[in-house]
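The next block holds one structure in the form of structure tokens; read it before the comments.
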Amino acid sequence: MSKLVAISCQVLWRELCYYGSMSPHVIEFKFLEQGLHDTPNELRRCVQENIDAVDGSADAILLGYGLCSNGLAGIHAGKTPLVVIRGHDCITFFLGSREKYRDYFDRKPGTYWYTPGWIDCSRTPMPGKERYDQMLAEYTKKYGADNAEYLMEMEQRWYRDYTNAAYVDLGFFDTEHYRTYTRECSRDLNWSFEPVPGDSSLIERWVRGEWESEDFLVVQPGQEIVASHDDLILKAE
């Protein structure tokens with residue numbers, strides 16, 4: 001039995017707690033706020049800070065992030081190995097492989113993904129005056145009125161780049177209300193809707209310590225994570 005520390009985006013909290021509870025290892029979880037991938041430098045800073053805080057007190061540290069807008073690039077291991085699932089983002093974790101994600105992206109590139117964690121922890125695209133007013137108030141408080149209007153305009157334009165809402169979950173609890181929410185979002189945004197079967201195999205192998213395949217990157221002490229710019233997505237140097 002090993003002691004593992006999982007440092008992860010909050011959108012994965014349900015899945016990691018559920019499958020982690022069945023791991024033969026003792027796992028301590030540290031969940032960071034969703035949205036750090038929007039500011040990769042801040043994601044890198046926060047993840048490294050949390051790694052440094054537990055370095056040397058565990059047998060390995062699991063990082064619950066993909067490359068995430070290059071936010072993991074430059075993260076380095078101190079005394080403790082880091083273990084990462086190879087993927088551009090966490091949707092790979094839900095689908096079970098990089099290949100499944102790539103195949104879906106090639107078929108439907110204008111897809112926005114919904115999962116229970118994304119719906120719980122983030123502002124998923126959904127039009128409507130009440131939601132618009134809520135987001136505008138948040139932006140105004142953070143960035144001022146002029147910047148808030150600009151950000152809202154950019155966000156509404158961003159929605160138009162998508163045409164499909166894909167809902168995926170791993171099916172270990174009643175998620176029908178999340179599926180219904182995604183369907184309603186797709187209808188209001190005039191997007192198509194598609195439920196996509198989830199696959200928990202990557203997450204299960206990750207929390208069980210089965211890291212021998214190319215699905216996982218093990219970063220040894222003294223190494224750092226870099227983008228590999230190939231199908232493996234991440235490598236250690």
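Where a number appears in this text, it was derived from the coordinates with a stated rule and is not lab data. Owing to the predicted nature of the structure, the values given are computational and were not obtained by experimental measurement. Cβ: placed from backbone, ideal geometry, glycine included. Neighbour counts: every protein chain shown.
Provide the packing ranking of 85-96, 65-76, 11-22, 103-114, i.e. peptides ordered by the mean count of other C-beta atoms within 10 Å per residue, highest first.
Going by the mean number of other Cβ atoms within 10 Å, highest first, we get 85-96, 65-76, 11-22, 103-114.
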- Helix 129-143 versus the longest principal axis of the chain: what angle, 0 to 90°, nearest 10, using Cα atoms? 60
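Using alpha carbon coordinates only, what is the Rg to Rh ratio of the chain, with Rh defined as the Kirkwood radius? If you can, show how the numbers build up before the last one.
Working: Rg = 18.3 Å, Rh = 18.8 Å.
Reported Rg/Rh (Cα atoms, Kirkwood Rh): 0.98.
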- Message: Can you give me the angle between helix 40-54 and the longest principal axis of the chain, using Cα atoms only, in degrees from 0 to 90, rounded to the nearest 10?
- Response: 40
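When a footprinting reagent is the concern and you count Cβ atoms within 10 Å, what order do W118, W211 take, fewest first?
Values: W118 23, W211 17.
Ordered from fewest to most neighbouring Cβ atoms within 10 Å, W118, W211 come out as W211, W118.
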- What are the residues whose amide H is under 5 Å from the amide H of G78, where those residues sit 5 or more places off or on another chain and H is modelled from the backbone? G222
- Task: Based on other C-beta atoms within 10 Å, arrange V196, V168, V218 from fewest to most.
- Result: V218, V196, V168
- Pairing the Cα long axis of helix 145-159 with the longest principal axis of the chain, what angle in degrees results, from 0 to 90 and rounded to the nearest 10? 80
- Item | Which of M22, C9, V196, positive extreme of dipole for the chain (C-beta unit charges) | V196
- Rounded, prolate or oblate: which one fits the stretch 97-197, using the alpha carbon gyration tensor with axes a ≥ b ≥ c (rounded when a/c is under 1.5, else prolate when a/b beats b/c, else oblate)? prolate
- Note on the structure: Per-residue Cβ contact counts at 10 Å, fewest first, order D146, D215, D59 as D146, D59, D215
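From the square roots a ≥ b ≥ c of the eigenvalues of the alpha-carbon gyration tensor of the stretch 157-237, which class results: rounded (a/c under 1.5), prolate (a/b over b/c), or oblate? It would help to have the intermediate numbers written out before the result.
Details: a/c = 3.68, a/b = 1.75, b/c = 2.11.
Oblate shape, in that a/c is at least 1.5 and b/c is the bigger or equal ratio.
Hey, what did the stretch 97-197 get for relative contact order, percent, Cα under 8 Å, at least 6 apart? Let's see the in-between values first.
Values: 96 pairs, mean separation 34.6, N = 101.
Relative contact order for the stretch 97-197 comes out at 34 percent.
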- Message: Between K235 and V26, what is the label-point separation in nm under the 7 Å Cα-to-beta-carbon projection?
- Response: 3.7
- Per the helix-only calculation at 222 nm, which mean residue ellipticity applies to the chain, given -39500 (n - 2.57) for every DSSP H run of n ≥ 4 and division by its residues, nearest 500 deg cm²/dmol? -12000 deg cm²/dmol
